[in-house]
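Trainee: Quick one: the structure is below, and I'll ask about it shortly.
The numbers here are math on the coordinates, done by the rules we state, and not lab data. What you see is a predicted model, and the numbers here were worked out from it, not measured in a lab. Cβ coordinates were reconstructed from backbone atoms using ideal geometry, including for glycine residues, and neighbour counts include every protein chain displayed.
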Amino acid sequence: MRSEEIKVCVLRIEGTNCEDEMYQAFRELGASPEKVHLKQLLGKCPADMKRELDDYNILALPGGFSAGDYVRAGAIFAARIKSELSKDIRSFVESERPVLGVCNGFQILVELGLLPAFEGTMSEHPEAALYTNISGRFECTPTILKHESRGKCIFTKRIEKGRMMLVPCAHAEGKLMFAKEKEEKLLAKLEENDQIVFRYVDEDGEYAGYPWCPNGSLSNIAGICNPAGNVMGMMPHPERVVHRYTHPDFTRTAADVNGAGDGKAIFESVIESVKRKA
């Protein structure tokens, strides 16, 4: 399969605002992304605009404030998907096709039950929550991530374990939490299953609190995958640092300002994964 044959569904509704960056990240690597409104998958549109999820190789849920983040961030978008597309989403994931959720997209995947998905493909009820930042405010800042996956996650195959990456965040609700009585047990399960993909660290690569971990997330977790490794959610935005010149420190640290940004390897990894399976 050639890169241009890889079709990416960048799914959006009212309030989504990062679909252009997600679209561009895939497009610049030669894939064929399309910005698709949820109504197009539900058939609530003119016949020529109808789309089928099964026709795509990758599903990407971008950031933003879907449905105004009313109720909880991502909850309304997830409820609309689950009520009418549950079977299609489950089939998509079970066919081992990749699903990426960034920021609001991560929140949606958690609300859907596609993450962490300890039991089966999609849990009936959310098993975790992405709660209000520990600072009590919207955080828009560069964050340093350490790649923690031992090899399961298909989105990071091109990233060596332990590599530190600078990826910006922009969210108000990114604190990953479990029910207090289950916290220790479920965190251990994430570790055992190799589901922790990224953690927030300081400049020396050490786990640290605020502001290095901008939301107070459990165990500094910034991104996780499902047990199969084909569904990943992360709060920081890799699509915003596909190029080195979009890094905030590029004039001080980049030998080649036109080189690859730290987020590029995530998109390269998933495209290569699709090619290998074709």
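Trainee: Kindly indicate the residue of segment 219-278 that is in a helix (DSSP H, G or I) and hydrophobic (A, V, I, L, M, F, W, C) and also farthest from N57 (Cα to Cα) among those meeting that condition.
Mentor: Selected residue: F250.
Trainee: Name, by its number, the condition in (1) in contact with a helix residue (DSSP H, G or I) (Cβ under 7 Å, 6 or more places away or on another chain); (2) buried (at least 22 other Cβ atoms within 10 Å of the Cβ); (3) farther than 29 Å from S91 by Cβ that does not hold for R199.
Mentor: (2)
Trainee: While we're on this one: Condition check: without any contact (Cβ under 8 Å) to a residue 12 or more places away in the chain and either closer than 23 Å to Q24 by Cβ or over 17 Å from the mean Cα position of the chain (by Cα) (or both). Does D204 satisfy that?
Mentor: When the stated conditions are applied, D204 passes them.
Trainee: Now for a different question. I need the full set of residues from segment 151-162 which are within 19 Å of E191 (Cβ to Cβ), surrounded by fewer than 17 Cβ atoms within 10 Å (Cβ to Cβ) and under 18 Å from the mean Cα position of the chain (by Cα), in order please.
Mentor: Correct list: G151 only.
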